[in-house]
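S.K.: Below are the structure tokens for one structure; questions will follow.
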Amino acid sequence: MKHLLSIADLNLQEAIGILDTATELSRINDGQIKKLPTLRGRTVVNLFAEDSTRTRISFEAAAKRLSADVINFSAKGSSISKGESLKDTAMTLQAMGADAVVIRHSASGAAQRLADNQWMSGAVINAGDGTHEHPSQALLDAFTIRKHLGKGSSDLQGLHVAIVGDILHSRVARSNVLLLALLGAKVTLVAPPTLLPIGIKKWPCAVSYDFDSVLPYVDAVMMLRVQQERMTELFFPNAREYSRYYGLNAERMRTLKPAALIMHPGPMNRGLEISAEVADSARSVITEQVSNGVSVRMAILYVLLAGSSLDVGSF
Amino acid sequence: MNVVLSAEDISRALTRISHEILERNHGSTNVAILGIPTRGAHLALRVAEIMAKIEGTNIPCGTLDITLHRDDLRLRPPRAIMPTLIPQSGIEGRDVVLIDDVLFSGRTIRSALDALGEVGRPKTVQLAVLVDRGHRELPIKADFVGKNLPSSLDQSVRVSLTEIDGRDEVVIESRKQP
Amino acid sequence: MSSKYILKSVVLPNGDKRDIAIEDGFISAVSQNIAPTSHVVIDTKGSRVLPGLVDLHTHLREPGREDAETVLTGSRAGAKGGFTALSAMANTSPVADTAGVVEQVYRLGQDAGYLDVFPIGAVTKGLVGESLSEIGAMADSIARVRIFSDDGNCVFDPLLMRRALEYVKKFGGVIAQHAQDPRLTVGSQMNEGEISARLGLKGWPAVAEEAIIARDVLLADHVKSRLHICHVTTAGGVEIIRWAKQRGIDVTAEVTPHHLLLTDELTTSYDPIFKVNPPLRTSDDVHALREALAEGVIDIVATDHAPHPVESKECEWQEASFGMLGLETALSIVQKTMVETQLMTWEQVADRMSLAPARIGGYKNQGQEIAVGSAANLVVIDPSKNWQVDRDLTMSKATNTPYHGLTLPGVITHTFYEGRATVIDSVVQKIGDV
């Protein structure tokens, strides 16, 4: 593995390898050890062409716990906001000796562009590209589900996960559908028809417009953030109506199986896709997702950076 | 290929090492055993078991993975991280005995000392190995040795254990020429 | 430079092997075994000859974006690709919406001297779709503009479209519509379907094209004017045009070489070299387009040659410009997709790439049968040879070819424009002082 651009690039063995590594690392994280020497002398650049404080600090904490040097290159005040091209930015990073670039970008495919061209030689980690993918989020979600519901086996065979909300514009949904299916879980996407992409038929999942009919059967429900601008773009009449049909409130929560998990990649719109009561309930693993994020991102950095770069074999 | 330790030899060596550990540390009260995965972890369990039989009490035993502390990570494909399991009683102020199968360059043990430093501050750290084959690259020496095995650099020493390989055996063989 | 040539043993579109003599800009003889007098003899060893290719859809970028292409470099690329006439699209800067701009482009074409450059006039002022441009003045200028198009933009206002269709009846003009409903394609990046869903790129539905085609054939029928549909890309669009033609509506349509070959699968690389407007569609669409071209439902092949500087493509997909080069590869792509698949004969290739486009554009001395007295606008191609596309060797100023590295059939060895050889042994000749 040279880059992490899309979950589609992972096979089952590689995905489980990352999750297993994250499991060991989380054990270390839970102990007293705050820093490991593993990536000493390696440079990780956080290239954030789009604001995302939570993902950036998660990667930053992960890299620092492995003793990598971290350089933050964020949109505001940087040359990106002044119209510098991705190519020039990449060549700058190359000149600075970046061993890995964690890229968040508003353009779908930006991470792949960075990896496919000869602009720089380091590993590229996709930290969210447009409405395409967000593989590290999917890995931390799978990690969280596995920790709670994994039945001793390494995969998620037999589990049923609902992903609810703006599927059309969600990179989290795209990565999660691929990874959950790879790990053997059944996935049902729940959304109004306007927020499901045309051409979804080939996705390895089921689709439903009816939240209430799906809820009683799932082991985890993943709520997606609804962007305010979707309302002005005619995707649904108004926030109230959206919330009535697709919001997870206390009443709906009661129809879930007793052990079912409630997840959200954040940041949440409390009162829109998820009610405060649900977000703060005992079934909610939303804050745990954040802490698991660091272990999973450490695992990603470890897998991509710790070994020799000449390796082309599997992990 | 040459069998240098049979199953019986290994068993005898581990029994002797167990006795030596108890002798050196005046009993087991302050001892914690940590095996270095993969084979060292199994040897540690065996030693702890033998010691427990002799002493009639449980011996704290765990594993210490050194992968994240290796100095040769970049020379090879990334390795899977093995569990680090520190016994309930911890290692703070304890006499910690590290156990590994083969002592060679000493780099593994250096990494283990680093890894141990992240976990806590033992009173002493001792080292037990099944085989010491020489060729040290660092100033490290074992306190307890199953067998000293002079070898040349073009030979390789392979330890098989029942738990992983289905039988107990140590063989020495010439490396395949590339 | 001699103006007398004999093409020895060349295969005509209908398959007959003949010698062709060229003198003073015209074909002076077509027969077996012409004896040379003061001619330069070119032994074609059985290559094919076609009437010089005519492109109805070329972006030459001059004036305004001379960093991407000029009339001169575009003319050379055209000659290399076997063209003897190009139609310069109006989306230059300034826009070709006045007699002044179209005359400038026309003259630049004449000065270059490699082929005829026929300017296309904008339908609306500034291409913004609000009011008609100076259509009459452009028609009456020395450029004699007959084709009007807002290409790049759709003439979306139905009333404006109706007026434009009516207005050009005065001089037998035609409106070439870029069929794209702008409301259905806000921010669109690629064909809407399975691939766009996977890649998270904003979809460009086929219906955005088909709805405009449907509306405009009905408008053309109503006002009894001529409509030309630029770059048809969907199977549904083909069906509407077929229906319109059956009803006797005066509509013609073009397909680009890239839509005959490439599909939206290529977008998975996120390499904007494959980003084009209208977008690459599915393989079902590609097959429907090929059949429609063979059948004549789609009348012509037009390149939509769209040069862009490197930086417009060396970036993220959604930041990149739409468009790809087409002039130098068009005939080879048609051979590959239409002739080698046995969907079309070479005679049909001559029709779709020369005779029919010249007829639609009303281009004098272009698209004529290869016969004594016709203008000596000819292209010689050796269909048995292959070549490899190399973006570093394009005659175009730009390098944004989607075919880089691809091996294509059919090597163009000679192009003659008004009796002069613009290409000899696949090498573009120096014409004039430039």
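Read-outs: derived from the displayed coordinates by stated rules, not from any lab. Computed from a prediction, not measured in an experiment: that's the story for all the values here. All Cβ positions, even for glycine, are placed from backbone atoms using ideal geometry, and neighbour counts span all protein chains on display.
S.K.: Nearest 500 deg cm²/dmol is fine: what mean residue ellipticity at 222 nm does chain B get from its DSSP H runs of n ≥ 4 alone, each adding -39,500 (n - 2.57), divided by its residue count? Could the numbers behind the result be given before it?
M.R.: Working: 4 runs with 52 residues, N = 178.
Estimated from H runs of four or more residues: -9500 deg cm²/dmol.
S.K.: Summing +1 for each Lys or Arg and -1 for each Asp or Glu, what net charge is found among the other residues whose Cβ lies under 13 Å from the Cβ of B:MET51?
M.R.: On the way: positive: B:ARG16, B:ARG24, B:ARG46, B:LYS53; negative: B:GLU20, B:GLU23, B:GLU49, B:GLU55, B:ASP95.
Local charge sum for B:MET51: -1.
S.K.: Just the number, please: Stokes-Einstein D of the stretch A:135-289 in µm²/s, Kirkwood Rh from C-alpha pairs, 20 °C, 1.002 mPa s.
M.R.: Rounded, D is 140 µm²/s.
S.K.: Could you list B:HIS26, A:HIS3 so that the one with the fewest beta carbons within 10 Å of its beta carbon is first and the one with the most is last? Before the final figure, lay out the partial values.
M.R.: Numbers: B:HIS26 10, A:HIS3 19.
Listing B:HIS26, A:HIS3 from fewest to most nearby Cβ atoms yields B:HIS26, A:HIS3.
S.K.: Sticking with this structure for a sec: In what sequence do B:THR29, C:THR256 fall when counting other Cβ within 10 Å, fewest first?
M.R.: Numbers: B:THR29 11, C:THR256 26.
Least crowded to most crowded, the residues run B:THR29, C:THR256.
S.K.: Against the longest alpha carbon principal axis of chain A, how many degrees, from 0 to 90 and to the nearest 10, is the axis of helix A:53-65 turned?
M.R.: 50 degrees
S.K.: According to the square roots a ≥ b ≥ c of the eigenvalues of the Cα gyration tensor, what is the shape class of the stretch B:8-153, taking rounded for a/c under 1.5, prolate for a/b larger than b/c otherwise, and oblate for the remainder? Walk me through the intermediate numbers first.
M.R.: Numbers: a/c = 1.77, a/b = 1.23, b/c = 1.44.
Here the stretch B:8-153 falls in the oblate category.
S.K.: Which whole-number percentage describes the relative contact order of chain A, with Cα contacts under 8 Å and a sequence gap of 6 or more? Intermediate results must be reported in sequence, preceding the final value.
M.R.: Numbers: 591 pairs, mean separation 66.9, N = 315.
Computed over chain A, the figure is 21 percent.
S.K.: Based solely on its DSSP helices, what 222 nm [θ] is calculated for chain A when runs of n ≥ 4 H residues each add -39,500 (n - 2.57) and the sum is averaged over all residues, nearest 500 deg cm²/dmol?
M.R.: Here the helix-only value at 222 nm equals -11000 deg cm²/dmol.
S.K.: Can you give the average number of partner chain beta-carbon atoms within 10 Å of each beta-carbon in peptide C:313-323, as a whole number? Don't jump to the answer; show the numbers that get you there.
M.R.: Working: counts 0, 7, 7, 16, 8, 7, 6, 2, 0, 0, 0.
That works out to 5 on average.
S.K.: Positive end of the dipole of chain A, charges at C-beta (+1 Lys, Arg; -1 Asp, Glu), about the Cα centre: which of A:MET91, A:ILE167, A:THR144 has its Cα farthest in that direction?
M.R.: A:THR144
S.K.: So how tilted is helix A:86-95 from the main axis of chain A? Cα-based, degrees 0 to 90, rounded to 10.
M.R.: With both axes taken from Cα atoms, the answer is about 40 degrees.
S.K.: Oh, and also: Per residue of C:187-193, what is the mean number of Cβ atoms on other protein chains within 10 angstrom of that residue's Cβ?
M.R.: Values: counts 0, 0, 4, 1, 1, 3, 5.
Across the residues of C:187-193, the mean count of other-chain Cβ atoms within 10 Å is 2.
S.K.: Another question, then. When a/c reaches 1.5 or more, the comparison of a/b and b/c decides; with that in mind, is the stretch B:1-75 rounded, prolate or oblate per its Cα gyration tensor?
M.R.: Values: a/c = 2.56, a/b = 1.29, b/c = 1.98.
Oblate is the answer for the stretch B:1-75, as a/c is 1.5 or above yet b/c matches or exceeds a/b.
S.K.: Further, regarding this structure: Could you tally the net charge around C:HIS287, taking each other residue with its Cβ under 13 Å from the Cβ of C:HIS287, Lys/Arg +1 and Asp/Glu -1?
M.R.: Values: positive: C:ARG281, C:ARG290; negative: C:ASP284, C:ASP285, C:GLU291, C:GLU295.
My count for the surroundings of C:HIS287 gives -2.
S.K.: Can you give me the relative contact order of the stretch B:8-153 as a percent, contacts being Cα pairs under 8 Å and 6 or more apart?
M.R.: For the stretch B:8-153, the relative contact order is 25 percent.
S.K.: Follow-up question, since we're still on this one. Nearest 500 deg cm²/dmol is fine: what mean residue ellipticity at 222 nm does chain C get from its DSSP H runs of n ≥ 4 alone, each adding -39,500 (n - 2.57), divided by its residue count?
M.R.: Working: 12 runs with 110 residues, N = 434.
The helix-only estimate for chain C comes to -7000 deg cm²/dmol at 222 nm.
S.K.: Continuing with this model, one more query. Taking R0 as 25 Å, what FRET efficiency do you get between C:ASP157 and C:LYS224 from their Cβ-Cβ distance, rounded to the nearest 0.05?
M.R.: Details: r = 20 Å, r/R0 = 0.81.
E between C:ASP157 and C:LYS224, to the nearest 0.05, is 0.80.
S.K.: Still on this structure, please answer the following. When Rg is the radius of gyration of the Cα atoms in chain A and Rh is its Kirkwood radius, what does Rg/Rh come to?
M.R.: Values: Rg = 19.2 Å, Rh = 19.9 Å.
Rg/Rh for chain A comes to 0.96.
S.K.: Separate question: What is the stretch C:52-361's relative contact order, in percent, from Cα pairs under 8 angstrom and six or more apart in sequence? Walk me through the numbers before you get to the answer.
M.R.: Numbers: 688 pairs, mean separation 52.2, N = 310.
So the answer I get is 17 percent.
S.K.: So between C:LYS430 and C:SER9, what do we pick up on full extension, going 0.36 nm a residue minus the alpha carbon distance?
M.R.: Numbers: separation 421, 0.36 × 421 = 151.56 nm, distance 2.63 nm.
Result: 148.9 nm gained on full extension.
S.K.: Now, a different point. Between the stretch C:188-237 and the stretch A:181-250, what is the separation of their alpha carbon centroids in Å?
M.R.: If you average the Cα positions of each part, the centres end up 30 Å apart.
S.K.: Calculate the FRET efficiency for C:SER374 and C:GLU66 from the Cβ-Cβ distance with a Förster distance of 41 Å, rounded to the nearest 0.05.
M.R.: Values: r = 35 Å, r/R0 = 0.84.
After rounding, the FRET efficiency stands at 0.75.
S.K.: Quote the FRET efficiency, to the nearest 0.05, computed for A:GLN227 versus C:GLU291 with a Förster distance R0 of 41 Å and r equal to the Cβ-Cβ distance. If you can, show how the numbers build up before the last one.
M.R.: Numbers: r = 43 Å, r/R0 = 1.05.
Working from the Cβ atoms, E equals 0.45.
S.K.: By how many degrees, 0 to 90 and rounded to 10, does the Cα axis of helix A:286-305 deviate from the longest principal axis of chain A?
M.R.: In chain A, helix A:286-305 runs at an angle near 30 degrees to the longest axis.
S.K.: Something else now. In which sequence would A:TYR242, C:TYR114, C:TYR270 go, from the one with the fewest C-beta neighbours within 10 Å to the one with the most? Show your work: numbers first, answer last.
M.R.: Values: A:TYR242 21, C:TYR114 29, C:TYR270 26.
In order of increasing Cβ crowding within 10 Å: A:TYR242, C:TYR270, C:TYR114.
S.K.: Still on this model: With a sphere of radius 14 Å drawn around the Cβ of C:ALA220, what net charge do the other residues whose Cβ falls strictly inside it have (Lys, Arg +1; Asp, Glu -1)? Kindly include the intermediate steps, with their values, before the conclusion.
M.R.: Values: positive: C:ARG162, C:ARG163, C:LYS169, C:ARG215, C:LYS224, C:ARG226, C:LYS245, C:ARG247; negative: C:GLU166, C:ASP216, C:ASP221, C:ASP250.
Within the 14 Å Cβ shell, the charges total +4.
S.K.: Give the shape of the stretch A:36-162 as rounded, prolate or oblate, defined through the alpha-carbon gyration tensor: a ≥ b ≥ c are the square roots of its eigenvalues, a/c under 1.5 means rounded, and otherwise the shape is prolate if a/b is larger than b/c and oblate if not.
M.R.: Details: a/c = 2.24, a/b = 1.62, b/c = 1.38.
Prolate, because a/c is 1.5 or more and a/b exceeds b/c.
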